[in-house]
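Throughout, read-outs are computed from the coordinates displayed, never taken from laboratory work. Everything numeric here is computed off the predicted structure, so don't read it as measured data. Cβ atoms come from the backbone with ideal geometry, glycine included; neighbour counts cover every protein chain shown.
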Amino acid sequence: MRRFGDPEYWSFTAYRDDFLADRPTIEQLAILDEEIVNKALLSRYQGPIGPNEWSFLGGYYGELFGSFVSERVAGLIDTTPIETREDQFHEFRKAIISLNQQLSAGGSPDGTTISRPAERVLLKRLRQERYDPSDLDVSHISRGSGLYLLELFATAAQQSVTTETDLLETLLAQTTAFKELDKADARALLTRPVLMVSLWENQREGLDHWLASDGEGILEMATATGKTVAGIAAIANLCGDVPENPEQTPQTDDAEIMIVAHSNAILSQWEREIRDRLGLTTRAGSGSGRPDRLSFSTATVEFYTAQSLLPRYDRDLADQYDLVIYDEVHHYSNLDGGYGEAIRRPNYDRAMGLSATIGEQTDPKRDRLEEILAPVVYTYDLQDAQRDGVIPDFEWTVHPIGLDPYEREEWEQATESITNQFRALKHDDTTTKLLRQLSVPFTQLEDLGDFIRAHRAAELELNDVPDSWGQLQAAIQSRNWIRHRSQPKIEGAVTLAREYLTGVDDGVKLVMFAMDIETAEQLGEELADATENVFVVHSKIAASSNKKDRMVNRRIEQFSAADHGVLIAPKLLDEGIDVPDAEVGINVSGTKTKLQLVQRMGRVLRRHGDQEPHFHHFVAVPEGDDHLAGLDDKQYVQQRHWVRELGEKIGQQPTIDEANVDEALLARAEARGNELWAQDLLDDLEIETVQGSVRMDEIVEGLTSSAVQTLLDTVDFDHDTVVESDWETAMTLLRTNESLTPKALQRTWWLFPVYRNRPDELQELLRKVAQYRTASDAADDSSTPTETTSETSTHRGSETSQEGSENTDETEEPSSRGDTQTSDSPAPDKKRTSVEANKQDADDSGEQSDDGSVVSRIKRLFS
């Protein structure tokens, strides 16, 4: 809560002893960090202590931060005095505050320490210095948490030592330079397009082939090999920065660009991907309709469905486009009244077609596309991707197991603190009154899942959030921080590794990924009795850098030469070490594995005789008194859904092993976790997926007629729940018959956890979508002209007409800016959800939603 009156404590000592002393160190740090931010950014902010006591608060905070840095980079930073790190962090923090202010989006009273625009500018400058922004991934800490900026700094310090780079020094140098920026310079950095990801080898090859073909050609790249990023790299090459290519120079600072796709949902994905991959600002809100245009300092990007470019539509197009990108170009092979006419519509200097496959060399569709657009200049098929490890070719198993907290004492303190605080405010009069005011469908808190949802609503709807709520949120964030650094209990991994090493006659080679150096050494000691070939490698196996490199290389060579054994390392692949072939990978390096790690595992694991390589991933869940209902339930279910969705992406679902924890606890966690994730989607909130965040309306928009029919025909809706095996069968059929784009397929999977316990509602939803699609297709058929207009192209030779028509159930989906799961007005006896409230507010203000979209037509289902 903002404090502008008399302080609650006139002395810092009283505040510390009465309010802070009994809290875990990390929680104290988060609270104090928030107070310091508020004091720096709010000129009239009084805070909890007297005006002459802030120096004591700052000193105490400095002591805590010193211990935090010592712990956070334990075993990594051993030469720099803690005092120096403290001074560096304070200067870093001041520079970020200055940048926040220059971008007119400074830290806010809820504890945000770095605005999203400021973070983008910072990461963009690091990227221009050829660092990978993912090295500073601190997404496990909420941006509204006081620990966020601390974790950003500490992560840079850790990466500098681990990878032996100047990342921290570069970070500090760049932030120091921010102090000299004026608003115009800061804005110029924010709107400058910079390719924020390092291209995979196949993406780089595809881009190079396209550039060598004078910017005209089709890239044929298998699903999940990065076609979209290759297209965005073409934009960066044209009018922005591609940091890995020192010879690249922008060709224009005023580019006109067009993106063409066959549905509005895919165009929306393109807009989000362009913003994210080029380091541009994100758009407030989200709609499922077609984005209009995206403008930044060096370009304007327009978005069109293929249908909207047909000659019968009068579009106000530019005279000449610098670049047109045709996504899923295999849809556009027909000229005679088909979508091939869309390719001929715009005039352009450069054009790129993207597709997973456009047919065999002898396929007439391939010939037509090459004649209409341009030749295929690069092909990267599934076999290439599996050979290179971009798409892994192995079995994988997920093992639920207990969590081993990084700091047991801190974890127990945090868990106890959260339990006590939640118990105190659960039935508090202030909480009861607030819940009646907020747009949440409950009037009392069942568990921490309800509290997190209520707190999120309070931040959006109220000017002030009660101190008790803010303190509980800080405690939850501090526990999340401990959890992120924790790992699954290693006993299961040791047992599994020992079985592999002792149970096969001709021997097996394993790679094990540990969370940290200490765990790597412990694993090595545990497995010493199973094989004489145990090789542990990490950055601290020798005092000097040269000796360390020699020892690492020697141990890897010994592992490579051995016919069996185990190679153990923390973050081994992230350190760029070339790893020999192995048949089994075991990952115990944290609570959530990124897709990049799985792809790198694919590069490590290779087939061993007739045996398929196998990747084992351990998923941790707190047990017993460590388990907090609502909070840990959602975390566990997120991990389960994440690996399932990842399975859809790579076309191979994992096997979920029998749990090595309390089955009853997992059953309760799965039920409550599914309920919480479902509610997030039904409240029109974004959820984290493998490819980024997604909303329910986008999932529904991506469904095609054939996909809906497959789901209706395959899933049995007469049970109390949707049977998981039914859903997996349906997803396999959708993948096989290519009814959906790869990204739509991934997102469709999320209908399962949302409607798992409500099969009748899922069936009704699918029927409504089918009705809409049928009516839309019929309307489109009736409006198809009997004649098409030939248009003269300024960038090609003679035009060729093709007979026949291209069958597709994709139609242009009208823009929908309305909400997804709303009724036109709330029921008189029920609390409105936040979405309903927003919708009603929009209606009251005279704004109209577009009822032409799938979502708008079926939105009553979600109320």
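Which FRET efficiency value, to the nearest 0.05, do you get for LYS183 and TYR45 by plugging their Cβ-Cβ distance into 1/(1 + (r/R0)^6) with R0 = 30 Å?
On the way: r = 24 Å, r/R0 = 0.79.
Efficiency for this residue pair is about 0.80.
Under a plain spin-label model, where a point goes 7 Å from the Cα along Cα-to-Cβ, how far apart in nm are PHE442 and GLU612?
Result: 4.1 nm between the two label points.
Take each of the peptides 702-714, 550-562, average the number of other beta-carbon atoms within 10 Å over its residues, and list them starting from the highest.
Averaged packing, sorted descending, gives the order 702-714, 550-562.
Structure shown: which of LYS426/LYS489; LYS489/LYS547; LYS489/LYS634; LYS183/LYS227; LYS94/LYS540 lie over 24 Å apart, alpha-carbon to alpha-carbon? Working shown, then result.
Working: LYS426/LYS489 32 Å; LYS489/LYS547 32 Å; LYS489/LYS634 20 Å; LYS183/LYS227 36 Å; LYS94/LYS540 33 Å.
In this structure, LYS426/LYS489; LYS489/LYS547; LYS183/LYS227; LYS94/LYS540 exceed 24 Å between Cα atoms.
Give a quick list of trypsin sites (Lys or Arg not before Pro) in region 288-318 that DSSP marks as loop, anything other than H, G, I, E or B, with at most 15 other Cβ atoms within 10 Å.
Working: sites: ARG293, ARG312, ARG315; in loops: ARG312, ARG315.
Within region 288-318, the qualifying trypsin sites (Lys or Arg not before Pro) (loop, at most 15 other Cβ atoms within 10 Å) are ARG312, ARG315.
May I ask you to order 723-731, 118-126 by the average number of other C-beta atoms within 10 Å around their residues, highest value first?
118-126, 723-731
Under 5 Å between amide H atoms, partner at least 5 residues away or on a different chain: which partners does GLU216 have, H built in plane at 1.01 Å?
The answer is ALA351.
Give the distance, in whole Å, between the Cα centre of region 382-405 and the Cα centre of region 537-565.
With region 382-405 and region 537-565 each reduced to a Cα centre, they are spaced 25 Å.
Starting from the Cα-Cα distance between TRP10 and ASP760, subtract it from 0.36 nm times their residue separation and give me the gain in nm to one decimal.
The TRP10-ASP760 span can extend by a further 264.0 nm.
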